[in-house]
Amino acid sequence: ATYSNEYMAIFYATRDDIYYQKIAQSIGYAFDGPPRVFSVNEAALKSIISQRITEQSRHIQTKCLQVRQHKAHMEIALGYVKSANNHSDIGTKAKMTKQSFERHTAAIMHGDVLLEP
């Protein structure tokens, strides 16, 4: 995933996760922490943590600042997921081995997710 595409995905996931968590809380659901947003792009995650505007993030600066603000206010938690453990690949990769397909399917259906904090 390219830096800017991944950063945009983090932005939209952050926005949507916070929104849905607030709806769930308004009807009585309790959570033990902020929504967790994972990315396969370490550069995008490091850019959020470092709070630097880079050449790569300059054109999406407003969205970058919003994600950083949510992180600073502890409204989201960010994490890295290795590409091999990225179960969303099942819907985005044209070529996938049968073994990978079955592993991703099992993880999605049974909640067996391997993520790094």
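The values are calculated or read from the model by the stated rules, or taken from the named source; none is laboratory data. Small disclaimer: the values here were computed from a predicted structure and weren't measured. Here Cβ is always computed from backbone atoms with ideal geometry, including for glycine, and neighbour counts include all displayed protein chains. Please note that ligands, DNA and RNA were not included when accessible areas were found on the heavy atoms of the full protein model with its side chains. Shrake-Rupley method; radii C 1.70, N 1.55, O 1.52, S 1.80 Å.
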Requested in this report: Within the stretch 44-58, identify whether any single residue is open to solvent by 60 Å² or more (accessible area, probe 1.4 Å), under 16 Å from the mean Cα position of the chain (by Cα), within 17 Å of residue 9 (Cβ to Cβ) and modelled with pLDDT under 75, and answer yes or no.
Outcome: no
Query raised in the report: So, of the residues in the stretch 22-43 that are open to solvent by 30 Å² or more (accessible area, probe 1.4 Å), touching a Phe, Trp or Tyr at 6+ places or on another chain (Cβ under 8 Å) and assigned to a helix (DSSP H, G or I), which turns out to be modelled with the lowest pLDDT?
Result: 43
Query raised in the report: Is it the case that residue 95 is modelled with pLDDT under 90, open to solvent by 90 Å² or more (accessible area, probe 1.4 Å) and either in contact with an Asp or Glu (Cβ under 6 Å, 6 or more places away or on another chain) or assigned to a loop (DSSP other than H, G, I, E, B) (or both)?
Result: yes
Query raised in the report: When the residues of the stretch 98-112 are filtered to those that are open to solvent by 60 Å² or more (accessible area, probe 1.4 Å) and in a helix (DSSP H, G or I), which remaining residue is nearest to residue 37 (Cα to Cα)?
Result: 108
